[in-house]
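A short write-up of the structure that comes next.
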Amino acid sequence: MAIKLSNFRSKQPPDLQITFKLKVRNLHRSHIGSFLFILLFILLLIPPDSLKAKTLYPEYGNWFFNQKKNVHPKKPPAEPNKELVSLRKRELSDRIQYYAYNHMGGPAQLYMDFLRQDNISSTLKLPASITLPPLKEILVTEIKQKSRFSGWSFKFSYTYVPGNPQSKIKELQYYHLPFANTDSYFVSQGFNGRFSHYTDYSRYAVDIAMPEGTIIHSVSDGIVMSIAEDFDRGGATQKLLSQANVLRILHDDGSMAIYAHLLPDSVQVRIGQAVKVGQIIARSGNTGFSTGPHLHFAIEKNVGMQLKSIPFKFLVQGKWRTPETGLLLRH
Ligand SMILES: [Zn+2]
């Protein structure tokens, strides 16, 4: 990965080089000395590996952050799943502003830190994390030269996680089954599943074996946060970690449901849309890292720049049941 650098005279659009969930922004600026010197721009190349954040999402990888496009829309794009939080730079005569756009239908937490700073001041004291409102662009920080008599430069990184870490989320959640009243399916991998449910992120996830194309219903009321539905490949290969179609729905208490491995182009709702429990939201599939058609379902919370799955129970034939491996789920 080549890291682009920009300087304050550039008229080019902001360079967003997006790796996984870590993005790096460089800027170099040298000042004109009183008589003798003209501007000197120094470009540095950063070893790409040092900039990559490890994905937190082992089962289906970096689907949040698997960005290819460098777009900086003022409004949500037609397919907002392509980029969930983007930074935009605005250069003024005496300072540089950075704006963050959250393309999700729910809050996100943004973390920024300087990798290097020389003779600058920033209105946001870094390192810092801030909560971004949904579907809005806000000014994050302004960076200025401190002393007029010497050059200035800086480099910072940023990363983000869906959800608001301040949300008061119940430790145990209760939900309706994510499929039609007439259907019944087995849990193929429950909590703490040895195949792929053993990290903080997936410990309380559940896999429900069901044929591709099964109609998926929302387990709760909520707001659609993000949609990925363009992937069309699936299989048990690590290469597909980042290629699961996923729908994320924010619940009233700030927890988030994820419905993963969905059929391509099957999502029936839009970003920011309110959904009701039982509403049809998508069709199941077999996209991404998956050994066969199933729905991966989990309830997550942002615990501070990190997503954690939390335990829940499904309403199964009138009783609240922990979705253990092998349990038959039916209404
Ligand atoms: Zn799973």
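FYI, it's all coordinate maths here, none of it is from the lab. Bear in mind the structure is a predicted one, so any value in this text is a computation, not a measurement. No Cβ is skipped: glycine too gets one built from the backbone with ideal geometry, and neighbour counts run over all protein chains shown.
Structure shown: which of 125/301; 125/168; 136/168; 239/308; 89/146; 170/319 lie over 30 Å apart, alpha-carbon to alpha-carbon? The pairs that break the limit, which is 30 Å between Cα atoms, do not exist here. Shown for the stretch 89-231 is the translational diffusion coefficient from the Stokes-Einstein equation, using the Kirkwood radius over Cα pairs, a temperature of 4 °C and a viscosity of 1.567 mPa s: 67 µm²/s.
Count charges around residue 123 for me, please; just the other residues with Cβ under 12 Å from its Cβ, Lys/Arg as +1, Asp/Glu as -1. Overall, the nearby charge balance is +2.
Scanning residues 5 or more positions from residue 329 or on other chains, those with amide H under 5 Å from its amide H are 185, 186, 187, with H placed 1.01 Å from N in the peptide plane. Between the amide H of residue 273 and those of 224, distances stay under 5 Å, these residues lying 5 or more places away or on another chain, with hydrogens modeled in the peptide plane. With a cut-off of 17 Å, note down the residues of the stretch 303-331 whose backbone N falls inside the zone around a label point 7 Å from the Cα of residue 253 toward its beta carbon. Correct set: 303-304, 308-315, 320-323.
Assuming a viscosity of 1.002 mPa s and a temperature of 20 °C, what translational diffusion coefficient in µm² per second does Stokes-Einstein assign to the stretch 173-330, Rh being the Kirkwood radius over Cα pairs? Here the translational diffusion coefficient equals 141 µm²/s. If R0 equals 35 Å, the separation of the Cβ atoms of residue 268 and residue 138 corresponds to a calculated FRET efficiency of about 0.70. The simple spin-label model puts a point 7 Å past each Cα toward its Cβ; for residue 180 and residue 230 those points are separated by 3.1 nm.
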